[in-house]
1. Of all residues in the range 17-43, which are within 10 Å of the ligand (Cβ to nearest atom) and without any contact (Cβ under 8 Å) to a residue 40 or more places away in the chain?
2. Can you report the number of residues in the range 110-136 which are part of a loop (DSSP other than H, G, I, E, B) and among the charged types (D, E, K, R)?
3. For the list (1) out of contact with any strand residue (DSSP E or B) (no Cβ under 8 Å at 6 or more places or on another chain); (2) assigned to a loop (DSSP other than H, G, I, E, B); (3) open to solvent by less than 50 Å² (accessible area, probe 1.4 Å), I need the number of the one condition that Gly227 fails.
4. Which residues, counting only those in the range 76-95, are in contact (Cβ under 8 Å) with a residue 24 or more places away in the chain and open to solvent by less than 60 Å² (accessible area, probe 1.4 Å)?
5. Can you tell me which residues in the range 234-260 are in a helix (DSSP H, G or I), under 22 Å from Ile40 (Cβ atoms) and in contact with a strand residue (DSSP E or B) (Cβ under 6 Å, 6 or more places away or on another chain)?
6. If you go through the range 138-172, how many residues are in contact with a Pro (Cβ under 7 Å, 6 or more places away or on another chain) and open to solvent by less than 20 Å² (accessible area, probe 1.4 Å)?
7. Step by step: first the residues of the range 198-224, then only those that are among the acidic types (Asp, Glu) and touching a residue at least 60 places away in the same chain (Cβ under 8 Å), then the one that is most open to solvent (accessible area, probe 1.4 Å). Which residue is that?
Amino acid sequence: MAQAVKFDRYGGIDVLNVVEIPEPVAGPGQLVVQVVAASINPGEWKIRQGLLHERWPATFPSGQGSDFAGRVVAVGDGVSGVAVGDEVVGFSDERSSQATHVVVPVGQVTPKPAGLSWDVAGSLYVAGTTAFAAVRAVSPEAGDTVVVSGAAGGVGSLVVQLLRAREVTVVGIAGPGNHEWLRSVGAVPVAYGDGLADRIRAAAPDGVDAFIDTYGPDYVELAIDLGVKPDRIDTIADFAAVAKYGVKAEGSGAAATIDVVAGLADLAASGKLDVPIAGTYPLSEVRAAYSELEAGHTHGKIVLRP
Ligand SMILES: NC(=O)c1ccc[n+]([C@@H]2O[C@H](COP(=O)([O-])OP(=O)(O)OC[C@H]3O[C@@H](n4cnc5c(N)ncnc54)[C@H](OP(=O)(O)O)[C@@H]3O)[C@@H](O)[C@H]2O)c1
């Protein structure tokens, strides 16, 4: 029997349940994938709590999850290029990947490169496409200095490395526990809290060219105060700042294609992109997984393993 994470009203983690669902069937052009790993993302708990009702409402009962990696177990009519038994990385547009099985159009999967771990493969879609879009939005050039808030989180950890690959000096804002990791990927860590602007100025004596905010409150204003031009500021967490300051808010929606996922999978498989895995949970412990994520200090990704 197949199982999926569902909730039937907005609320805290206690509304999340793992329930039995009918055996999934592949319609024309679709695949059924047995999910091995499905990462979780903050947007999911914000939707489940009703915080994004105006922007992204839920309909009940709602499933959950976009990211996944797994094995193809059925293919529908008209599918070519993918066969039963293939290992794939992909995404759901139906909030349905946190399940034993997910049904998706064939165009939403790409082969899992040999050697790429399941946990990393199942973590790439939301965080990876968001990081890709945010980096592209600020047009980084070799020699620039770019500041990143939330620099060791699910998105920030990838942003930092994509910037470093463009020969950018990266100042990463994070808690002290993440500073060693930031140094290991070539970033200059600074702690958040009182005196942050002075610490950034000390770390970037020639000025800051661009700013990527993956955290939210106050960071866009800080970027403006540091003299960064609005068209070189991207936030994925403070949408009000777009109208207020004229900054960008390019996130996953701006780069949510399977080609971007495939490119990130290749980078990760070749060791050029480190995707830190903060923890893994069986599907039955979905509430515990979100408790950890909602605490707000995740380094990298948390993964469900159905
Ligand atoms: N618009 C989009 O397309 C899109 C897509 C994905 C995510 N998002 C949003 O982007 C945000 C980040 O997502 P994520 O998956 O990276 O979250 P995450 O994995 O939970 O990471 C959050 C990070 O924030 C850091 N942090 C906590 N307090 C901080 C502070 N005061 N200043 C700076 N950093 C602080 C934490 O690191 P420390 O341990 O160092 O404190 C943690 O690593 C969320 O708001 C999410 O909803 C938007």
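1. none
2. First, the residues of the range 110-136 that are part of a loop (DSSP other than H, G, I, E, B): 112-117, 122-124.
Narrowing further to those that are among the charged types (D, E, K, R): 112.
Here the count works out to 1.
3. (3)
4. Scanning the range 76-95 gives Gly76, Val79, Val82, Asp86, Val88, Val89, Gly90, Phe91, Ser92.
5. Result: Ile258, single match.
6. From the range 138-172, those in contact with a Pro (Cβ under 7 Å, 6 or more places away or on another chain) are 146, 157, 163, 166, 168, 172; that's our starting set.
When the remaining residues are screened for being open to solvent by less than 20 Å² (accessible area, probe 1.4 Å), the result is 146, 157, 163, 168, 172.
Number satisfying all stated conditions: 5.
7. Initial filter on the range 198-224 (among the acidic types (Asp, Glu)): 198, 206, 209, 213, 218, 221.
Pick out the ones that are also touching a residue at least 60 places away in the same chain (Cβ under 8 Å) and you get 206, 209, 213.
Numbers: Asp206: 156, Asp209: 58, Asp213: 0 Å².
Residue satisfying both the conditions and the ranking: Asp206.
Residue-by-condition table, conditions (1) more than 10 Å from the ligand (Cβ to nearest atom); (2) in contact with a strand residue (DSSP E or B) (Cβ under 6 Å, 6 or more places away or on another chain):
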{"position": "Ala262", "(1), (2)": "yes, yes"}
{"position": "Leu267", "(1), (2)": "yes, no"}
{"position": "Ser270", "(1), (2)": "yes, no"}
{"position": "Ala278", "(1), (2)": "no, yes"}
{"position": "Leu283", "(1), (2)": "yes, yes"}
{"position": "Val286", "(1), (2)": "yes, yes"}
{"position": "Thr298", "(1), (2)": "no, yes"}
{"position": "Lys301", "(1), (2)": "no, yes"}
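The values are calculated or read from the model by the stated rules, or taken from the named source; none is laboratory data. Please read all numbers here as calculations on a predicted model, not as lab measurements. With ideal geometry, Cβ positions are generated from the backbone for all residues, glycine too; neighbour counts draw on all protein chains shown. Quick note on the areas: whole protein, heavy atoms, side chains included, nothing else; ligands and nucleic acids left out. Shrake-Rupley method; radii C 1.70, N 1.55, O 1.52, S 1.80 Å.
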